[in-house]
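For reference, the structure is listed below as structure tokens.
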Amino acid sequence: MISRREVVTAGVLGTLSNAAMAAPVDAQSGQGDIGVQTNLNQIRNELRDMKAILEDGMRRSSLGFGGIGLIRDKLTLHLRSSGKFPDLCEIGTALFYEVYDWHVKHSQQIQIVRIADQRFAIQFMFTQLVVRWENDPNYLGQPYDRG
């Protein structure tokens with residue numbers, strides 16, 4: 001039986017070896033060594049880029065990316081202007097799914113409530129995000145307080 005590690009390692013090493021062999025080797029002129037060195041340098045640079053991306057993904061706050069980051073920026077703007085987090089903010093369905101997936105990914109309790117006018121809201125931090133299904137899926141309204 002082949003382990004998962006062997007499959008993944010074989011795929012990665014096979015890809016790297018194919019890239020290294022892509023340059024034509026010309027033994028008479030000595031250009032083959034330069035081509036191989038160039039390809040190896042390109043592989044090294046790509047691996048460094050991949051390492052940086054993976055480290056960013058593991059170390060950075062997951063609240064800074066995608067729709068969650070946009071919601072966070074709106075909530076922060078309201079916090080700075082009023083001194084408190086908003087009670088409500090309207091969002092589209094795509095942002096709702098991102099917030100829901102964020103809760104699942106981080107094992108956070110999901111609190112979804114039904115409110116007036118056949119609406120529902122999901123609790124995110126200290127704010128209820130009201131889903132506006134009739135708007136654009138990426139819709140993000142202005143945060144506001146009750147009253």
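The values are calculated or read from the model by the stated rules, or taken from the named source; none is laboratory data. Note that the coordinates shown come from a computational prediction; the quantities given were computed from them, not determined experimentally. For neighbour counting, all protein chains shown are included, and Cβ atoms are generated from backbone atoms with ideal geometry for every residue, glycine included.
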*Among the candidates Lys105, Lys74, single out the residue that is among the basic types (Lys, Arg), surrounded by 14 or more Cβ atoms within 10 Å (Cβ to Cβ), modelled with pLDDT under 95 and under 23 Å from the mean Cα position of the chain (by Cα).*
Lys74
_Residues within region 110-147 that are closer than 12 Å to Cys89 by Cα, under 21 Å from the mean Cα position of the chain (by Cα) and free of Cβ contacts under 8 Å to residues at least 40 places away in the same chain, tallied_ = 2
_As an exercise: evaluate Thr93 against (1) closer than 19 Å to Gly147 by Cβ; (2) among the β-branched types (Val, Ile, Thr); (3) touching a residue at least 40 places away in the same chain (Cβ under 8 Å) and give the number of the one condition it does not meet._
(1)
*asked:* For the condition outside any loop (DSSP other than H, G, I, E, B), modelled with pLDDT under 85 and over 17 Å from Leu140 (Cβ atoms), what is the one hit in Asp26, Asp56, Asp49?
replied: Asp56
